[in-house]
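Beneath this line is the structure, given in structure tokens, with notes to follow.
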Amino acid sequence: MTNSILGFVVALSFLSCKNQKMNPETNTGLIIEQKIDSLLTRMTLDEKIGQMTQVRHFDDLSDESDIANKFIGSVIHTQGPLPGNGAAEWQAKFTKLQELALSTRLGIPLLFGVDAIHGQNTYEGATIFPHNIGLGATRNAELVEQAARITAIEAQATGFTWVFSPCIAIPYNEKWGRVYEAFSESTKLTEVLTRASVKGLQGNLLDKHTVMATAKHFIGDGATDSGVEGGETSLNPQQVQERLLPPYIVAVNEGVGSVMASFNSMSGKPMHAHKELITDMLKGAMKFDGIMVSDWKGYSRFGENDVINAGVDVIMAVEGDLDMYLEGLKGGIESGYVSQNRIDDAVRRVLRQKYRLGLFENPFPDSTLIEKIGIQEHRDVARQAVRESLVLLKNNKNTLPLDKNLNKIVVVGEHANNSGLQSGGWTINWQGSTENYAGATTILQGIKKMAKGNVVYDADATGNHDDADIAIIVVGETPYAESFGDIGGEIDAYEITLTEAHQNYVSNYTNKGVPTVVLLISGRPLVTTKQIEQSDAFIAAWLPGSEGDGIAEVLFGDYSFKGKLPHSWPKSEEDYKGKYGPNFWNDSITPLFSYGFGLR
């Protein structure tokens, strides 16, 4: 261990102990540990390895009976729908898999995990919240906790007990394709909203309305050089300690059930294989007693058994990795490269969370929760989140709020009439959708509901509407997730500016002299200096999710603008020539709008 990392761990040991909630061992906790001790003594090596294994319920198994034959410990679902596509069918599918797990000699139940990033976003018809960047703009911890609580209910209603959220990264560069998954560039704000999110998701884990949360991605995922997904994070240990680690301390102190390893490297070492940070710091100094889970194909990508020795407890053995992982880990144990103590520690952590969730007593989904999916009460909370997430960057001559009695309003842009586009990545599908989905309300529908005059839709800004009283022009990014959204990376399908077509949408109307309100739908701040200058009013609307009508409620003045920028706003593409963009920690770049800006 290097001296800098050692000092890092020692400092964090003090910091964690200082902030750690005082949770003395209860009788329940002692009983759980005794039950784990008893189980471990009876488990074979294959059964232990199985508990450390996570697979998809399709593709990764040659047959569903492998759940029992290979003693699988958990199942991941990344994108829907399932056959039948109804929540009852989802529950029935997972019940069948659970019965297979319970049929084994020891009857250890499965965990079912899902990427519920902004609601139970893999299920069409669920309540889809604004992505975390929008929730960061609200600065409303109570609202974030409510959103997390609803996400937990709708996740449980579709059969899940474990969600892979929240993402508590601190993004340093808007070129990173996952900026929208994080709350903010501010460590302090991220701490506050991390606490709210974990509390809302987990509550009392024995309650069937709650799920196990996952703080991710540990650590440095959003602070890589040039914003490259899975790149090198070159911050020094003190910077990591001060800027990136505090949200994890909060999550651990709130009792978060799992932490996910990151794709990036630190000091040239992959985080999946970084024993000093995972075992010595997170599990040791910070006293994290939950599950350390790999990210996608983490075993094969980052050193195989070195990943286990670093302290990763559960492996996503997906896309062809299953057999090589099972054989590789067993061989590593038998050769002595992986110690039995390391395996027992991993299995203990898995069993501990299963006991805390009450899965040994209540392993099956609750069918009474199905009726709660996408209910109006949940959508009302999501619509409030949309309203409070909107950041007003310009309002020339009090263009806003709009008069509901305007004679003619023209709404421009495909994003105005498409719930898939307005919701971004991780919506129904991993990479999102460019089509409307069930239960959602578009921005255009919301405007038509609020306006009393004539509302005309001009999808591509080619219509002749010089007589319009106002043009509401909706522009932005198409959906993406992970490295597919990186700017300048291997895929490089996106720009830090608007597309030429969307720039023309704005110019076509401003050149006609029509008063113009621009709504930006995006997963990050974009260089829009010219469009802000051209428009009469400009709004950062982020990725609002299923309740697009919340935007109209603010445009027409039923509610005020409350949102504040969770990120510094760039002024030009020159801002991205270095490692980092304009942000809270980078005083070498003067942003167009500073963190926290937002007009009322």
Practice problem: Could you tell me how many degrees, from 0 to 90 and to the nearest 10, lie between the Cα long axis of helix 340-356 and the main elongation axis, the longest principal axis, of the Cα atoms of the chain? | Solution: 60
Self-check item: Base-10 log of normalised Debye intensity for segment 358-453 (one unit scatterer per alpha-carbon) at q = 0.10, 0.14, 0.21, 0.23 Å⁻¹
Solution: -0.43, -0.75, -1.30, -1.37
Quiz item: In whole Å, how far is the Cα centre of segment 525-558 from that of segment 428-506?
Solution: 11
Practice problem: Give the whole-number value, in cubic angstrom per residue, of the convex hull volume spanned by the C-alpha atoms of segment 90-238. | Solution: 136
Self-check item: Principal axis dimensions, largest first and in whole angstrom, of segment 513-578 by Cα
Solution: 42, 31, 19
Practice problem: Working from Cα positions, state the angle (0 to 90°, nearest 10) between the long axis of helix 27-42 and the longest principal axis of the chain. | Solution: 60
Quiz item: What's the carbon and sulfur percent of the chain's accessible surface, probe 1.4 angstrom, rounded to a whole number?
Solution: 48
Practice problem: Quick one: angle between helix 141-157 and the longest Cα principal axis of the chain, in degrees between 0 and 90, rounded to 10, please. | Solution: 60
Quiz item: What residues have an amide H closer than 5 Å to that of A461, excluding those fewer than 5 places away on the same chain, when H is modeled at 1.01 Å from N in the peptide plane?
Solution: G413
Self-check item: Net charge contributed by nearby residues that have their C-beta within less than 10 Å of K449 (K/R +1, D/E -1)
Solution: -1
Exercise. Please report, in Å, the Rg and the Dmax of segment 198-329, where both are computed over Cα atoms only.
Key: 14.9, 43
Quiz item: Using just the C-alpha positions of segment 181-268 as equal point scatterers, what log10 of I(q)/I(0) does the Debye formula give at each q in 0.15 1/Å?
Solution: -0.57
Quiz item: Based on the mean of other beta carbon atoms within 10 Å per residue, what is the order of 460-472, 488-500, most packed first?
Solution: 460-472, 488-500
Quiz item: Can you give the convex hull volume per residue for the Cα atoms of the chain, as a whole number of Å³?
Solution: 138
Self-check item: Cut-off under 5 Å, modelled amide H: who pairs with V114 long-range
Solution: H77, W162, V163, F164
Quiz item: Where does the charge balance sit around D345 when Lys and Arg score +1, Asp and Glu -1, over other residues with C-beta under 11 Å from its C-beta?
Solution: +3
Quiz prompt | Cα centroid separation - segment 132-153 against segment 44-111, whole Å | solution = 30
Quiz item: How large is ³J(HN,Hα), in whole Hz, for each residue of segment 490-506 in order, when computed from phi with the Karplus curve 6.51 cos²θ - 1.76 cosθ + 1.60 and θ = phi - 60°, using x for Gly and Pro?
Solution: 5, 7, 6, 9, 10, 10, 7, 10, 5, 5, 4, 4, 6, 4, 5, 4, 5
Quiz item: Given the rule -39500 (n - 2.57) for each run of at least 4 DSSP H residues, summed and divided by the residues of the chain, what is its mean residue ellipticity at 222 nm, to the nearest 500 deg cm²/dmol?
Solution: -10000 deg cm²/dmol
Exercise. Please report the base-10 log of the normalised intensity I(q)/I(0) for segment 424-579, using a Debye sum with one equal scatterer per alpha carbon and no solvent, at each q in 0.09, 0.21 (1/Å).
Key: -0.31, -1.61
Quiz prompt | Whole-number accessible area per residue in Å² for the chain, which is evaluated in the context of all protein chains at 1.4 Å | solution = 35
Self-check item: Semi-axes of the equivalent ellipsoid for segment 555-597, Cα gyration tensor, largest first, Å
Solution: 27, 10, 7
Quiz item: Sorted by mean Cβ packing within 10 Å, highest first, what order do the peptides 107-116, 29-38, 354-363 take?
Solution: 107-116, 354-363, 29-38
Quiz prompt | 5 angstrom amide H check on T122, placed H, neighbours 5+ away | solution = I428
Quiz item: Which distance in Å, rounded to a whole number, links the C-alpha centroids of segment 324-380 and segment 156-229?
Solution: 19
Exercise. Could you list, in their original order, any pairs among K216/K530; K208/K448; K188/K394 whose Cα atoms are separated by more than 29 Å?
Key: K216/K530; K208/K448
Exercise. Would you list which aspartates and glutamates come within 16 Å of K397, measuring only between C-alpha atoms, while excluding same-chain residues fewer than 8 positions from it?
Key: D469, E533, D536
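The values are calculated or read from the model by the stated rules, or taken from the named source; none is laboratory data. Not measured: the values here are computed from a predicted model. Positions of Cβ are generated from backbone atoms using ideal geometry, with glycine treated the same way; all protein chains shown enter the neighbour counts. What goes into the accessible areas is simple: the full protein's heavy atoms, side chains included, and nothing from ligands, DNA or RNA. Shrake-Rupley method; radii C 1.70, N 1.55, O 1.52, S 1.80 Å.
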